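As structure tokens, the structure follows; a few thoughts come after it.
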Amino acid sequence: MVIIMHLYKKYLAIILKSKMEYKASFFMYSLGVFLSSFSVFAGVFFMFRRFNNVRGFVYSEVILCYGIFLMGFSLSEMFARGFDCFPTLIRKGEFDRILLRPRNIVFQVLVSRFEYSRLGRLLQAAVMLTYGVSKSNIRWSGMKILTAALMIFGGMCLFSAIYVMYAAASFFTLEGLEFINVFTYGAMEYGKYPFAVYGKTILRIVTFIIPYALVQYYPLLYLLDREDNAGYALLPLLALWFIAPAYGMWRFGIKHYQSSGS
Amino acid sequence: MKKYISFFRLRFAMGLQYRTAALAGVVTQFFWGFMEILVLRAFYEADPTVYPMTIEATCCYIWLQQAFLVLLSANNFDRELINCVTDGGIAYELCRPISVYDMWFVRNMAVKMSQAMLRCVPILGVVIFLPEGYGLTAPRDAMHFLLFLWTLFAGLSVLIASQMILYMIMFFTISVEGVKSFFVAAMDLLTGAVIPIPFFPEKIQRVLELLPFGAIQNVPYRIYSGDLTGAQMGQAVLMQMFWLAVLASLGKLLMHRAQRRVIVQGG
């Protein structure tokens, strides 16, 4: 474990070094990522200049919801980016090299890319989260801080699992399935509103099929004192079941992997 | 003129080859459209009195926006053009005995129109059958429909004219990523891609409608349903022409300046 952590740090340092060779382009790109999330926020801001609430959620509550959800997403985007770029690894035949090295495969894919430029989104998420927390009238207790932390952690794991599934699919298609973006970027954007806003059908889908609501809507109810049942606070842990099928698909993919590229 | 038309046909035919990408786009756009309509309906239910459109007009706006996304999205750039300044390909472009500005303009138009052609048919074909309040309703009348087509084309021209300015800036800065990300984020918000312009506070809305931002997707998608009509519609149609003339002249001026000092990169 210690060796793995050491190696991880080494990898990050190398990637950072290579990025710093193109400083201007790196900062511009980070800025771009920041700005694109910012315009989503601006959209919410202007909607609430006109409307007082949406399905009973007021501005400050929506912002808090968005901040937490975006934080989970941007962490996963930063750390699990290797899986997002996995189709390229496969196509270029780089994955064969990974298979030959005497280290864990998942670990090596994880460190194959580390997206520092996504710091832009992380910064945006941090700003949103701080703003949301300061705007909300939540009386923070230990349990509530734990809830918020679990929401971020659960969101990070859920999005990472989706990235893994996306990577696993590319074992067979050899190219990225673009529509998966709906479940990553799409979900991130629509997660700005508590999922109940989209009506019962959508809420059911994001509860039972892809459990976004378990890391967003239900624990949020507990944070906002609309639900006293502490069970709601622990629901993000339940969302971790989604890692199982993702890992299963990944194992299945590796088993049936036939080399490609040159 | 003939050479531009044949250039257009060439690029158009090339664009039609990318069918898998189009299919992925269609799936994404359906999802996006549904979610957008659901959230706007939720706002409508929260307070119908301050809701600035009818639900039918909202649905038309969203579905047309999704169907023609590649046509009027500010984020749809021609990678090859961006690369040709850094990899030296620009030398070939300059060798041709025609105006680079006009050629690139036509090229952008052909690429975007062929991409949109592939995507809009399946989307429109489904959404006209969705129940009222969710789907695309018929246009208000024949006149509004013809004006919709006209302003869609004019909106495309305004968008390309503004993107051309970005391509021209590239000649001076070489790396365009920074300016581009500013451009896309600002355009997405201010042209009504994030939320339709009528949802902005009234003062901001009025300013936006006088600027080029309000002359792109804001016009055709609202004319179709009759949300934009009468004198305001007339004004919007004229504003599109005005901004097209201004932006195209500015672009050509920049092109002229750039050509005098172009340095061919790469080999």
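Just so it is clear, none of the values below were taken in a lab; they were calculated from the coordinates. All figures in this text were calculated on a predicted structure; none of them were measured in a lab. Cβ coordinates were reconstructed from backbone atoms using ideal geometry, including for glycine residues, and neighbour counts include every protein chain displayed.
Some notes on this structure:
- In order through region A:26-31: 3J(HN,Hα) via Karplus (6.51 cos²θ - 1.76 cosθ + 1.60), integer Hz, x for Gly, Pro: 4, 5, 4, 5, 4, 4
- If you sort the three axes of the alpha carbon gyration tensor as a ≥ b ≥ c, you get a/c of 1.5 or more for chain A and a/b above b/c, which makes it prolate.
- The protein assembly as shown shape via C-alpha gyration tensor axes, a/c threshold 1.5: oblate
- Summing +1 for each Lys or Arg and -1 for each Asp or Glu among the other residues whose beta-carbon sits under 13 angstrom from that of A:GLN124 gives +1.
- Close amide H partners of B:GLY226, meaning residues 5 or more places away or on another chain with modelled amide H under 5 Å apart, are B:ARG140.
- Listed values for region B:183-192 are Karplus-derived 3J(HN,Hα) couplings in whole Hz (6.51 cos²θ - 1.76 cosθ + 1.60, θ = phi - 60°), namely 4, 5, 4, 5, 5, 4, 6, 7, 8, x, and x replaces Gly and Pro.
- Rounded to whole Hz, the Karplus (6.51, -1.76, 1.60) HN-Hα couplings of region A:234-241, x for glycine and proline: 9, 4, x, 5, 5, 5, 5, 4
- Pairwise FRET efficiency - A:ARG139 versus B:PHE145, Cβ, R0 = 45 Å, nearest 0.05: 0.20
- Surrounding net charge for B:ILE5, when Lys and Arg each add one and Asp and Glu each subtract one, Cβ distance under 14 Å: +4
- Per-residue mean of foreign Cβ neighbours for B:27-35 is 4 (Cβ atoms of other chains, 10 Å radius).
- Close amide H pairs (under 5 Å, H built 1.01 Å from N) link A:ALA80 with no residue at least 5 positions away or on another chain.
- Helical contribution to [θ] at 222 nm, DSSP H n ≥ 4, -39,500 (n - 2.57), averaged over the protein assembly as shown, rounded to 500: -23000 deg cm²/dmol
- Length-normalised contact order of region B:2-260 in % [C-alpha pairs under 8 Å, at least 6 apart]: 26
- With contacts taken as Cα pairs under 8 Å at a separation of at least 6 residues, chain A carries a relative contact order of 26 percent.
- Shape class of region B:2-260 from the alpha-carbon gyration tensor: prolate, with a/c at 1.5 or above and a/b greater than b/c.
- Mean partner shielding of peptide A:188-195, defined as the number of other chain Cβ atoms within 10 Å of each residue Cβ, is 2.
- Nearby lysines by direct alpha-carbon distance to A:LYS19 (threshold 19 angstrom, same-chain neighbours under 8 apart not counted): A:LYS9, A:LYS10
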